[in-house]
Amino acid sequence: MVAMEEEMIVELVKKSISSPQLDGLKVPKAVQIANVSKWFGSFQVLRNVSVDVAVGERVVVCGPSGSGKSTLIRCINQLEKHQQGRIVVNGAELTPGMKGLAAVRRDVGMVFQQFNLFPHLTVLENCTLALVRARKLKRGEAEQVAMQNLERVRIVEQAGKYPRQLSGGQQQRVAIARALCMKPRIMLFDEPTSALDPEMVKEVLDVMTGLANEGMTMICVTHEMGFAREVADRVVFMDGGEIIEQATPSRFFSHPEHDRTKKFLSQILH
Amino acid sequence: MNFDFAFAMRIVPLVLEGIGNTILVAILSFIGATVLGFCWEIVRRSHWMLRPIAQFIIDAIRSTPALVQIYFLFFVLPYYGIVLPAMFVGIFGLSFYYSGYISEVFKAGIDAVPAGQGEAAESLGLSWADTVILVIAPQMLRNIAAPLGAYSIGILKSTPILAVIAVPEMLGSALDVASETYRYAEPMIVAGLLFLLLALIAAACVAALERRLGLVSQSH
C-alpha cells in the first residue's frame, strides 16, 4: 500500500516536472520520434514514422528520392514542422510555436547538401557568427573555438578566405566545423556528399568518420553505403514516407527483409 | 531656325537656377521611394490578410501614369481641403510612384537569396532578427544595388514631370527661358545636356559604390 502511494507520488512529480526530461534521464535518448506524420498540401511525406536515436548512436537513413528521409531529419530541428505525432530532442518536446526552439537548435548541428555557407563572410566569420550572436561569446573566445574546430576538419589555413574561394569538399568541411563550433549534442547530415565532385567525397566522409569515432550522436541521410557499413550502428530504410526496415548494417546489407529494400539495394549497389 | 551657340551659353546660368531643386527632388524622392518600397515589400511578406492589400497598392501605383498621380495630389486633393505645397507634392509623388517599382526590386533581391541561407542561420540557433540583419540583408543588398542604382537615375530623369505643377526645377527654368525668348532649341538642348551630365555623374557614383561594396569582384 505504502509502495503504491510512493509510486503515485513519483508519477505526480514526474508529470509536474515536464516529463520528457525525466524519461530522458531514465533512457538516454537523443531523439525520440513517435507516430510523426506530415503533409505537403495533400501529399503525405511522412506516414506515422517512429524511431528513437540513443545518445552516441550513429544512424544512417537511406531510401529513394522522395521517400521523406530529408524531411524527417529536417523535422528534428524544425526546419520542417510535423503535423502529427511527437518529436523529443535532448529531452525537449518540439511543439508548434515553442519558446525554446532556438536553444534546441543550438544543440543540434546541421550539415546541408548545398553547404549553405554564408557567402559574404569569411570561413572564420562563418564559424564565429552564431558563437557571438547566439552563444554570446566574446569575439576572441569565439575565434579560438572556431580555429579549434577548423583544425579538427583540417582546414584551418583557409580561415581568412571566402567560401567561393574553396572547393566543394573544403566548403563542406567548413560547414561541418561551423556546426561543431556550437558544441552540438546531435549532428544531422542531409546528403552531405551528394553535391560534391567524386574526388572530394572522401575528405568529407573522413571528417564524418572521425566525428563518429569521437562518440558524436549522428543521423545521416546519405547514399554512401560504404560509410553506412563502416560507421553506422543502424541503417534505417525509408520509402513512400514510411520506415520500411531498420537493422544493423551487416544485417541490412546481407539480409534485407523487404522487397522494397532489396530492390533499392540492387539499384544502388552495382 | 539656326542653333545660336552664343545664346545657348548665355542661358546656361538661367537654366542652372533649377538644378539645385532637380538634385534635391531626385535625392529625396529616391530615399522616399526606397523607404516606401521597402515598406510595401515588408507588408507584402507579412500577414496573409495584408498581402493582397499591399499587392493591390503596388499594382495600382505601377499601372497609373506618374503624371496622373501627381495631378491628383496637386489638383484633386485641394477639393477635399488638402492643399500641399508643390515641392512636397513633387517629392512625395515621385517617391510614391517609384516605390511601386522599388518594392519589386526588394522582392527580387530577397527571393534571390537561397532559402538554405535562412535555414543554415536558423539551424545554428540565430534569432529571427539576426538571421534577417546579418545573413539575409547583406546578401540582398548585393542583389539590389545595381537595379536600385538604375532607378536612382530613372528618378532623376523623371523630375521634369514636376514642371507641370510649377516646381522650379531645371526643365521649368528652361521653359521659362523658352517662353520669354520664343526660342526652344537652345534651352531644351542645354537642359538635355545638363541632365545627361547629371545622369553620367550619378551613374559613376553608382558604379563606384558597387565597386566599394565589392560587387564587381565578388560576384558569384
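Data table
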| read-out | value |
| --- | --- |
| Per residue solvent-accessible surface (Å²) - segment B:1-157, probe of 1.4 Å | 51 |
| ³J(HN,Hα) computed for each position of segment B:89-104 - Karplus, 6.51 cos²θ - 1.76 cosθ + 1.60, integer Hz, glycine/proline x | 4, x, 5, 5, x, 5, 4, 4, 4, 6, 4, x, 6, 5, 4, 5 |
| Contact order relative to length of chain A, as percent, for alpha carbon pairs under 8 angstrom and 6 or more apart | 24 |
| ³J(HN,Hα) computed for each position of segment A:246-260 - Karplus, 6.51 cos²θ - 1.76 cosθ + 1.60, integer Hz, glycine/proline x | 9, 6, 5, x, 4, 5, 4, 7, 8, 10, x, 8, 8, 4, 5 |
| Accessible carbon and sulfur surface of chain A relative to its total accessible area, %, 1.4 Å | 52 |
| Within 10 Å of each Cβ in A:142-149, the average number of Cβ atoms from other chains | 0 |
| Kirkwood Rh in Å, taken over all unlike Cα pairs in segment A:34-77 | 11.5 |
| Max mean-square fluctuation residue, GNM over chain A, Cα-Cα springs under 10 Å, options A:Met200, A:Met218, A:Met147 | A:Met200 |
| Cα gyration tensor category, rounded, prolate or oblate, for segment A:90-215 with a/c compared to 1.5 | oblate |
| Average accessible area per residue (Å²) across chain A - probe 1.4 Å, nucleic acids and ligands excluded | 47 |
| Accessible-area value, B:Trp40, 1.4 Å probe, nucleic acids and ligands omitted, Å² | 40 |
| Summed buried accessible surface, chains B and A, 1.4 Å probe, nearest 100 Å² | 1800 |
| The protein assembly as shown: antiparallel DSSP beta bridges as a percent of all, rounded to 5 | 55 |
| Long-range amide H partners of A:Gln113 with built H, under 5 Å | A:Asp190 |
| Within the accessible area of segment B:1-153 (1.4 Å probe), percent carbon and sulfur | 75 |
| Whole-Hz ³J(HN,Hα) from phi, Karplus 6.51 cos²θ - 1.76 cosθ + 1.60, for segment B:119-125, glycine and proline x | 5, 5, 5, 4, 6, 7, x |
| Relative compactness, the protein assembly as shown, computed as alpha-carbon Rg over 2.2 N^0.38 Å | 1.35 |
| Range of Cα positions in segment B:5-212 per principal axis (Å), largest first | 70, 46, 22 |
| Assigned charges on the beta-carbon of Lys, Arg, Asp, Glu; the protein assembly as shown dipole about Cα centre (debye) | 340 |
| GluC sites (Glu not before Pro) restricted to segment A:191-270 and DSSP loop, no more than 15 other C-beta within 10 Å | A:Glu214, A:Glu257 |
| Signed unit charges on C-beta, dipole axis of chain A, positive-most listed residue A:Val89, A:Gly226, A:Gly63 | A:Val89 |
| Student exercise, segment B:5-212 dipole from Lys, Arg, Asp, Glu Cβ charges, in Debye to nearest 20 | 120 |
| Quotient of C-alpha Rg and 2.2 N^0.38 Å, computed over chain A | 1.08 |
| Among A:Pro192, A:Cys127, A:Val49 the positive-end extreme of the charge dipole of chain A (Cβ point charges) | A:Cys127 |
| Per-residue SASA entry for A:Val145, accessible area with 1.4 Å probe, Å² rounded to 10 | 20 |
| Restraint check, A:Lys183/B:Lys107; A:Lys38/A:Lys99; A:Lys69/A:Lys202; A:Lys38/A:Lys69, Cα-Cα greater than 24 Å | A:Lys183/B:Lys107 |
| Fraction of beta bridges assigned by DSSP in chain A that are antiparallel (%, nearest 5) | 55 |
| Relative contact order (%) - segment B:5-212, alpha-carbon pairs under 8 angstrom, separation at least six | 31 |
| Ranked order, A:Asp190, A:Asp259, A:Asp197 - accessible area, probe 1.4 Å, largest first | A:Asp259, A:Asp197, A:Asp190 |
| Shielded residues, segment B:103-127 - accessible-area loss of 20 Å² or more between chain alone and all protein chains, probe 1.4 Å | B:Gly116, B:Gln117, B:Glu119, B:Ala120, B:Glu122, B:Ser123, B:Leu124, B:Gly125, B:Leu126 |
| Segment A:26-109 - charge dipole about Cα centre, Lys and Arg +1 at Cβ, Asp and Glu -1, debye rounded to 20 | 80 |
| Residue with peak Gaussian network fluctuation, chain A [Cα springs, cutoff 10 Å], from A:Ala228, A:Ala92, A:Ala103 | A:Ala103 |
| Kirkwood Rh in Å, taken over segment A:25-172 so that all alpha-carbon pairs contribute | 17.4 |
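The values are calculated or read from the model by the stated rules, or taken from the named source; none is laboratory data. All of these numbers come straight from a predicted model, not from anything done at the bench. Counting neighbours? That spans all protein chains shown, and the Cβs are built from the backbone with ideal geometry, glycine included. With ligands, DNA and RNA removed, areas are computed over all heavy atoms of the protein, side chains included. Shrake-Rupley method; radii C 1.70, N 1.55, O 1.52, S 1.80 Å.
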